[in-house]
Every structure is written in C-alpha cells, then in structure tokens.
Amino acid sequence: MDAPLCVLFSAAVLIRLVLLCFGVYQDQNLQLKYTDVDYHVFTDASRFITQGQSPYERSTYRYTPLLALVLTPNVLLSAHCGKLLFVGCDLLSALLLFRLLLLRGAARSSARVYCGLWLFNPLTIGVSTRGNAESLLAVLVLSSLLCLESRRRTSAALLFGLSVHMKIYPVTYALPITLSLAGAPSRGRGLIQNLLRCFNKDLLQFAAVSGSVFFALNLTFYSVYGWDFLQESYLFHLTRRDTRHNFSPYFYMLYVTAEHRWSGVLALVCFLPQLLLLSLSSLAFRSDLPFCCFIHTAVFVSFNKVCTSQYFLWYLCLLPLVLSRLTLGLGRGLGLLLLWFVGQALWLSPAYYLEFEGWNTFALIWIAGLLFLLINSLILGQIISHYRPAEGQLKKRE
C-alpha cells in the first residue's frame, strides 16, 4: 500500500472512530439515538443464540442466523463489537475496490480517487458506524467480483454462495455471471449448439460450488430452526408488503390495497418489471460483469417494492468501478449528483411531516417517490450512454 493510499485510509479510519465515539455519547445523552434500530435487533437475536434459543424469538429479525452468530461478541464481549466489524468491512470494501480498479486498467492515482469516493461518502460512513450490516454484503459482493475478474472461479463461487445466503438480492447476479462464464454466442452455430455451449466446465463448476455453499448453509439452519428460518430469511421478503413510507414507486399502491384479498398477488406482480429489466440488461452488458452488476443492482433497488436509503449502498459499492470508464464531463456529473440529492430531499420533506408531525402526506410521498424513480432512470440512462468499456470487451461483445 503506497503512502497516499495510507493517508486516505488513515483519515477514513479516524473519521469513523470519531463517529463511533460520538454515537456512544449521543445514545447515552440525547433523545434522538445515533445507533440504527436494526443493530439492537441483531444484538437481541445474538443474545437468544447465546442462550440456546432461536434468533427468531426476536421479532422483526429477518436475516440468516449466521449474522446473529457472527455478532455474538456483542453479547459476550462488548456491545460495540458489531459496529467495529461493520466499519472494518466498510474499509475492506474500499481496498477491494482499489484492487478491482487496478485490475480493470485504472491508473493508481485514479484508483485512489475513486476509492476515496467510497471512503468519504457520508452515506457509507453513517450506515456502518450506526450499526447496519450492509458493508458486510458489500465485502462479499466485491470479493466475488474480484475473484471472477482474476479468474479464481472456485473462490468466487464460494463467496457468491455465501453472499446469496446472507441476503437474497445478489442472486440477481446469477444471470450475468452465467452469461459471462458461458461466453458470447457464435453466429455460425445454431440455437441448440449455442445453448449446449453455455454449459461449459467453468459454468458447471461455479454453479456446483456456489449452489453447494448456499444449500448446505440453508439445510443446516433449517435443521436447527425449522420453518421459521425459511419464512423470516427468504419467504418474508418475497411476499413482503411494507406499507410504511419508503422510496418505492409501489409503496402507495401497496398501502391502499393492504386489506384486499389479492394484495399478496399484487406484491408478487411487482417483481415483473424487475425481471424484465434485469433480463434485458444481462443480455446487453454481459461482456462487462462489474458494469452489468451495477446496472442490475440499480434497477433492482429502483424498481423494488421496498426501497430505503440503506439499499442505495448495494449499488454505490459498485459505482467507483463504473466511474473509471465514464466519459461524462465533470459539470454534467456533478449536475446528476445534485439531481439525485434533490430527488431525495423532495421525498424527505413530506416524509418528515408524516413521521414527526403526523400529517397525512402519503400521496405527496408517493409522488416524490415516482419523481425519484424518474431521476434514477435518467441518471442510469446517462451512465449507460456515456460508458466506454475496454477494447477487449468490445471485441468480446462483437
């Protein structure tokens, strides 16, 4: 690690340590708490595990028992261990980004700049220091991509299986990974030959290893915790109808139809636009896996039936890999960034009056959510149109 990068990481560590200390003070002395409520849910679930009980005894715990197991030091040692782990994963994500950027041909000076965008992003800093586990997922996703890009496919498969077990959304990367490992179809071959060509050794090995990890973990926890594990970790998220205000364009529709008999079917129908867009983006950008995963995640989050600000980290951890190949001018880039923040501010204003003043602003929140979706779509369109893949990837696509 060179000296400038050490300075960057040292400053990033210092900022996070200061915020961790400030968070302890705020939690103890102010009415508005710094620590994320999910962190208390994690800790309570870990406490149940140390007592030999199910983590699902804690209501609203909707995660794999593995997360509660990892956070048992919160109970056995100190309540701050989990936050230190998440901050460590936050920093490790930046290091993985740096290595990926170098592997993709970026200069060290440029890689440091793009790495700094993650290290000093207020959202990433706030999420990890408040005790949210998204940085743990960022490490698993970036590690999987790094192994795939460096052709360590067995390691990539292990990490991918683990990441899908930890949180279900990385399963959307299965199609672009499959297309990437299968290679481009040949015009001289028929449809059947091209389909058979997809099932090569690399793809079958990746599927076998990642599937084995995923199913082994699931079978293990199912044998211990039974149906509660499947329901809370996976099925809940498929049929979830979150009527609390969030950025999703479907939020208001699900809110007003919550009592209808067919509301569960409607919640499943909301996945259809996602499936269509994810399939199209996989076919269009399969030659550049990190870029394809970024587009996948941004589409998945933007069109999801539940969307909160912490979900933005799912694609922000991949954004530095994309920025290194954008031809956007600085002015236009800053303008798009400002537009993204304005979209959030327009949503947060009516959300504040609903949450803290008790005003009925549901319709305004929904309209702001639709506007935010349009802004995200515009930004994605600009990114796609100004993205320039490496020459080798252009030839591969052809």
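Ignoring everything except DSSP H segments at least 4 long, calculate the 222 nm mean residue ellipticity for the chain; use -39,500 (n - 2.57) per segment, divide by total residues, nearest 500. Each step should come with its number before you reach the end.
On the way: 23 runs with 283 residues, N = 398.
Value at 222 nm, helices only: -22000 deg cm²/dmol.
What does the charge count near Y61 come to, summing +1 for each Lys or Arg and -1 for each Asp or Glu among other residues with Cβ under 12 Å from its Cβ?
Details: positive: R47, R58, R62; negative: D38, D44, E57, D228, E232.
For residues surrounding Y61, the net value is -2.
Relative protection proxy for 112-125, 155-168, from highest mean packing down: 155-168, 112-125 (other beta-carbon atoms within 10 angstrom). Electrostatic tally near Q51: other residues with Cβ closer than 15 Å to its Cβ, Lys and Arg +1, Asp and Glu -1, net 0. So which aspartates and glutamates can K33 reach, going by Cα to Cα under 17 Å and dropping same-chain residues fewer than 8 places off? Filter leaves E355.
What's the magnitude of the charge dipole for the chain around its Cα centre, counting Lys and Arg as +1 and Asp and Glu as -1 at the beta-carbon? Answer in Debye, nearest 20.
On the way: 31 positive and 19 negative charges, 285 e Å.
Dipole magnitude for the chain comes out near 1360 debye.
Checking (1) 21; (2) 18; (3) 25 against the coordinates, the calculated percent of Cα pairs over 39 Å apart falls under label (2). Within segment 217-354, the ratio Rg/Rh, alpha carbon atoms throughout and Rh by Kirkwood, equals 1.03.
Sum up the charges of everything whose Cβ sits under 15 Å from the Cβ of L17, counting Lys and Arg as +1 and Asp and Glu as -1, but leave L17 out. It would help to have the intermediate numbers written out before the result.
Values: positive: R16, K83, R130; negative: D90.
Computed value for this residue: +2.
Bridging of K83 to aspartates and glutamates at a Cα separation below 15 Å is possible for D27, D36, D38, D44, E134, once same-chain residues fewer than 8 apart are set aside.
Ranking C292, L374, V342 by how far each Cα lies toward the positive end of the dipole of segment 259-391 (charges on Cβ) leaves C292 at the top.
Percentage of Cα-Cα pair distances in segment 278-398 greater than 19 Å, rounded to whole percent? Spell out each step's value before the answer.
On the way: 3813 of 7260 pairs.
Tail of the P(r) past 19 Å holds 53 percent of the pairs.
No value in this document is a laboratory result; all are computed from the given coordinates. Keep in mind it's a predicted model, so treat the numbers as computed, not measured. In this analysis, Cβ positions are derived from the backbone assuming ideal geometry, glycine residues included, and neighbour counts consider all displayed protein chains.
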